[in-house]
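**Student:** Quick one: the structure is below, questions incoming.
Here, each number is a calculation from the coordinates, and none is a lab measurement. Note that the structure is a prediction, hence the values are computed from the model and not measured. When we count neighbours, we look across all protein chains shown, and the Cβ atoms used for this are built from the backbone with ideal geometry, even at glycine.
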Amino acid sequence: MAATLLPAEAPRPRILTRLAAGPLRILISLIVPAITFLVLRWAFIFMRDTEADRIAIAIVALLIGVVGVWALYLVTDNLVSILPAGIRETVRPFVFVGPALVILAVYLVYPAVLTVYLSFFGPRSEEFVGLENYLFALASKDMVLALRNNVIWLIFVTSLVVSLGLIIAVLVDRIGRWEPIAKSVIFLPMAISAVGASIIWKFVYSFQPIQRPQIGLLNAVYTALGGEPQGWLILKPWNNFFLLLIMVWILTGFAMVVLSAAVKGVPAELLEAARMDGANEIRIFLGVIVPYIRGTIITITTTVLIMVLKVFDIVFVMTGGQFETEVIANRMYREMFTFGNFGHSSALAVILLVAVIPVMIYNIRSLEASRR
Amino acid sequence: MRVGYQTRRSSSGDRWRRIVSGAPVRIVVVLIALIWTLPSAGLLVSSLRPATDITGSGWWTVFSHPFEASVWTLENYEQVLTTHGLANAFLNSVLVTIPSVVIPITIAAFAAYAFAWLEFPGRKLLFVIVVGLMVVPLQMSLIPLLRLYTQMDLNGTFLGVWLAHTGFGLPLAVFLLFGYISTLPVEIIESARVDGSSPLTTFTRLVLPLSVPIIASFAIFQFLWVWNDLLVALIFLGTREEVAVITARLAALVGRRGEQWHVLTAGAFVSMAVPLFVFFLLQRYFVRGLTAGSVKG
């Protein structure tokens, strides 16, 4: 989308340069930014006004979002051009990276540092409480349950997603021209929101009293096989598994698509040679394919681990963390909004961060390795 | 590999291969595809049935008489769009999503270009920090940002959400765009410089047009991420009807109307319509974007 802006935007600085020379040029270089700044300021205040007409806000918003950001860069770059030649090219790169760095500082670095700080303070961030919040986060009865559930999610979702994804990737590789359709169908849940997926599965798990016809697929099958209808979502502790199956349903297609590309990269000669050796398909799978695509399997596993660690939407929509299905991210939200305890909430966020740090280090390392 | 040594056993290997790649594999794949589709199919079928039918009998029962007009209706969609305000929420989702995609792409493209082709002090260190920020859980930002927004009167405004999505999407965007822009041929960039074009013109005339594929991949990833997001929207916009996005409205409906399936089924499909459209239209970019963006915090 940004690329389509080029013809309209790019000629402007050139016209400016041509029109303006000497003092006039400097004057324009100062007036244009001033006007841009005023327009942006007006737009900022206007968009903050929640009473204004929504359509008007929308139009201003799109103009600012699309054109305004561009104007900001063009104007600043032009402003740099009037600097003395000596420092001009030293300053210019910061026109390009500056906005990104400022936003990252405001939206990620500063909040992260403050959250760590707040995690040592009480509910309203007024009194220092030492490690009390962490004691709560790691040892209170509620949290032990939430941590247990997160571990259950991590173990089962990750192993199910990776193994199912791998098996399906190998299977669809052998069905010929139907492969793209099968892949699309299994990948599809990845496109929809976790809220949408949760509603889909809430319907599958839906429960009706015994004398009424079951409308949920699971209870219909279960009663057809002779069981009594169950309220799957309140059936402790199994309800955790019914929730995590939703995430398996969403992520398996993703794992499959990535692993399928890797499986196709296994050299045909390698497979042929193994077959010549008389290895059966299962041994080829375990002895040739899996070792060959080990790198991809590790990448997918860490990726899924991170996603599962932060699971929020599914639990929030399905049970709200009730019936012993609480997880860290949902509890963090509840501590923040329901209980208004910023100390607890911050400590939980820090725990999530600590859990992803190993992956972060791994990512930076592999990035450096790939650039070497 | 002992190629050629065990030719006598290759016939049994061949048979294995034929069996494995034959009918059983197809049946298994069809079964899996069926299991993956049935839940969504059930919801779609139900969303088109009258409210009393949905709770009165299983959705699969319509297939015993699928051609009777009385078993189908569009009333549920009409109802969720009007009385339950989903049309409004849909518009809000559009308003939140478009700038939340365009702004980070613009900012990230400028930054990625500078990291890749301009010299400045601290370049390497800053880049490593940006990449490291990619996996910081956005939960780490919520409380301080909420306070900051309260001070600045940005709570419950679209502007606040755009900037939040920009901040959370930026590390990944810079990382992806850098990966692509830094591999553009040195000769092209150098010759532009020698011809006297400024960094800005090189960027707009040369680098951006060449980077369209990666921009498209990221745009689709970010689009779906923002459209499907619940947490950021809940915290910075809330569930007030004038500003709530579609996921937040749906989540609220589940809470309040947990058993009104005619509302929930139709509502869920309204929210899925756009992602599904994007999915079928741009599947290739979609897969690439998702794969690249999967570690996003």
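**Student:** Taking the Cα centre of the range A:97-203 as origin, work out the dipole magnitude from +1 charges on Lys and Arg Cβ and -1 charges on Asp and Glu Cβ, in debye rounded to 20.
**Tutor:** About 480 debye.
**Student:** Using only the Cα atoms, work out Rg/Rh for the range A:105-227, with Rh taken as the Kirkwood radius, to two decimals.
**Tutor:** 1.15
**Student:** Using alpha carbon centroids, what distance separates the range B:53-132 and the range B:167-192, in Å?
**Tutor:** Comparing the Cα centres of the range B:53-132 and the range B:167-192, I get a distance of 26 Å.
**Student:** Something else now. Going down the table (A:Lys141/A:Lys310; A:Lys202/A:Lys236; A:Lys141/A:Lys202; A:Lys183/A:Lys236; A:Lys202/A:Lys310), which pairs top 23 Å between alpha carbons?
**Tutor:** Distance filter (> 23 Å) returns A:Lys141/A:Lys202; A:Lys183/A:Lys236.
**Student:** Return one quarter of the surface area of the convex hull spanned by the alpha-carbon atoms of the range A:260-331, equal to its mean projected area, in nm².
**Tutor:** Average projection, Cα convex hull of the range A:260-331: 6.7 nm².
**Student:** How would the range B:147-202 be classified by its alpha-carbon gyration tensor: rounded, prolate or oblate, with rounded meaning a/c under 1.5 and the a/b versus b/c comparison settling the rest? Present the calculation step by step, with values, prior to reporting the outcome.
**Tutor:** On the way: a/c = 5.59, a/b = 2.66, b/c = 2.10.
Because a/c hits 1.5 or more and a/b exceeds b/c, the range B:147-202 counts as prolate.
**Student:** Assuming R0 = 30 Å, can you tell me the calculated FRET efficiency for the pair A:Tyr362 and B:Arg193, based on Cβ-Cβ distance, to the nearest 0.05? List each step's numbers first, then the result.
**Tutor:** Working: r = 37 Å, r/R0 = 1.22.
According to the calculation, E is roughly 0.25.
**Student:** Averaged across B:105-118, how many Cβ atoms of other chains sit within 10 Å of each residue's Cβ atom?
**Tutor:** The per-residue average across the peptide is 6.
**Student:** Once you place label points 7 Å from the Cα toward the Cβ at B:Leu281 and B:Gln151, how far apart are they in nm?
**Tutor:** In this crude spin-label approximation the distance works out to 4.2 nm.
**Student:** Calculate the FRET efficiency for A:Phe94 and A:Lys141 from the Cβ-Cβ distance with a Förster distance of 56 Å, rounded to the nearest 0.05.
**Tutor:** 0.60
**Student:** Ignore the peptide's own chain and count Cβ atoms of other chains within 10 Å of each Cβ in A:113-126; give me the average, rounded.
**Tutor:** Per residue, the number of nearby Cβ atoms from other chains is 2 on average.
**Student:** Counting other C-beta atoms within 10 Å, and keeping those with at most 14, which DSSP coil GluC sites (Glu not before Pro) do you find in the range B:151-259?
**Tutor:** B:Glu241, B:Glu242, B:Glu259
**Student:** In percent, what relative contact order does the range A:246-323 have, based on Cα pairs under 8 Å that are 6 or more apart in sequence?
**Tutor:** 39 percent.
**Student:** Additional query: Output the peptides B:25-32, B:118-125, A:304-311 sorted from most to least packed, where packing is the average of other Cβ atoms within 10 Å over each peptide's residues.
**Tutor:** Peptide ranking by packing, descending: A:304-311, B:25-32, B:118-125.
**Student:** Per-residue ellipticity at 222 nm for chain B, helices alone: DSSP H runs ≥ 4 residues times -39500 (n - 2.57), over residue total, nearest 500 deg cm²/dmol?
**Tutor:** About -22500 deg cm²/dmol.
**Student:** Let me ask something else. Give the share of C-alpha pairs in each 10 angstrom bin for the protein assembly as shown, from 0 to the last occupied bin, in whole percents, shortest bins first.
**Tutor:** Using 10 Å bins, I get a P(r) of 3, 14, 23, 24, 19, 11, 5, 1, 0, 0 for the protein assembly as shown.
**Student:** Within the range B:206-258, report the trypsin sites (Lys or Arg not before Pro) that DSSP leaves as loop and that have at most 11 other Cβ atoms within 10 Å.
**Tutor:** B:Arg240
**Student:** OK, next. How high is the relative contact order of the range B:228-283, in percent, counting Cα pairs under 8 Å that sit 6 or more residues apart?
**Tutor:** Over the range B:228-283, the number comes to 22 percent.
**Student:** So, how do all the Cα-to-Cα distances of the range A:43-156 break down into 10 Å bins, in percent, from 0 on up?
**Tutor:** 11, 19, 22, 19, 22, 7, 1
**Student:** Helix hunt in chain B: which complete DSSP H runs extend at least 27 Å axially by C-alpha with mean Kyte-Doolittle at least 1.6? Walk me through the numbers before you get to the answer.
**Tutor:** On the way: long enough: B:23-47 (35 Å, 1.87); B:86-117 (46 Å, 1.68); B:158-181 (31 Å, 1.72); B:261-281 (29 Å, 1.86).
Helices meeting the criterion: B:23-47, B:86-117, B:158-181, B:261-281.
**Student:** If each residue's Cβ is checked for other Cβ atoms within 10 Å, how do B:Ser217, A:Ser159 rank with the fewest at the top?
**Tutor:** Details: B:Ser217 24, A:Ser159 13.
Listing B:Ser217, A:Ser159 from fewest to most nearby Cβ atoms yields A:Ser159, B:Ser217.
**Student:** If you don't mind, there's one more thing I want to ask. Please say if the range B:108-217 is rounded, prolate or oblate, where rounded means a/c under 1.5 for a ≥ b ≥ c the square roots of the C-alpha gyration tensor eigenvalues, and otherwise the choice is prolate for a/b larger than b/c and oblate otherwise?
**Tutor:** prolate
**Student:** Could you tell me which of A:Val161, B:Val101, A:Leu348 has its Cα farthest along the dipole of the protein assembly as shown towards the positive end, charges placed at Cβ (Lys, Arg +1; Asp, Glu -1), taken about the Cα centre?
**Tutor:** Of the candidates, A:Val161 comes out farthest on the positive side.
**Student:** Over the whole of B:22-32, what's the average partner chain Cβ count within 10 Å per residue? Rounded to a whole number, please.
**Tutor:** 4
**Student:** Pull out a ≥ b ≥ c, the square roots of the eigenvalues of the alpha-carbon gyration tensor of chain B, then state rounded if a/c is under 1.5, prolate if not and a/b is larger than b/c, and oblate in the remaining case.
**Tutor:** Details: a/c = 2.48, a/b = 1.17, b/c = 2.13.
Judged from the Cα gyration tensor, chain B comes out oblate (a/c at least 1.5, b/c at or above a/b).
**Student:** Can you name the helices of chain A, as whole DSSP H runs, whose Cα span along the helix axis is 24 Å or more and whose Kyte-Doolittle mean is not below 1.0?
**Tutor:** Span-like helices, by this rule, are A:22-48, A:85-104, A:141-172, A:239-264, A:342-371.
**Student:** For the ranges A:349-356, A:256-263, A:210-217, what's the packing order if you count other beta-carbon atoms within 10 Å of each residue, average per peptide, and put the highest first?
**Tutor:** A:256-263, A:349-356, A:210-217
**Student:** If the only charges are +1 at each Lys and Arg Cβ and -1 at each Asp and Glu Cβ, what is the size of the charge dipole of the protein assembly as shown around the Cα centre, to the nearest 20 debye?
**Tutor:** Its charge dipole is roughly 1600 debye.
**Student:** Would you give the gap between the C-alpha center of the range A:40-111 and the C-alpha center of the range A:144-172, rounded to a whole Å?
**Tutor:** 42 Å
**Student:** Taking K and R as +1 and D and E as -1, what net charge do the other residues with C-beta under 11 Å from the C-beta of B:Val71 add up to?
**Tutor:** For residues surrounding B:Val71, the net value is -1.
**Student:** Could you tell me the center-to-center distance, by alpha carbons, between the range B:222-241 and the range A:178-198 in angstrom?
**Tutor:** 21 Å
**Student:** With N denoting the number of residues in chain A, provide Rg(C-alpha) divided by 2.2 N^0.38 Å, to two decimal places.
**Tutor:** Its radius of gyration relative to the 2.2 N^0.38 Å reference: 1.34.
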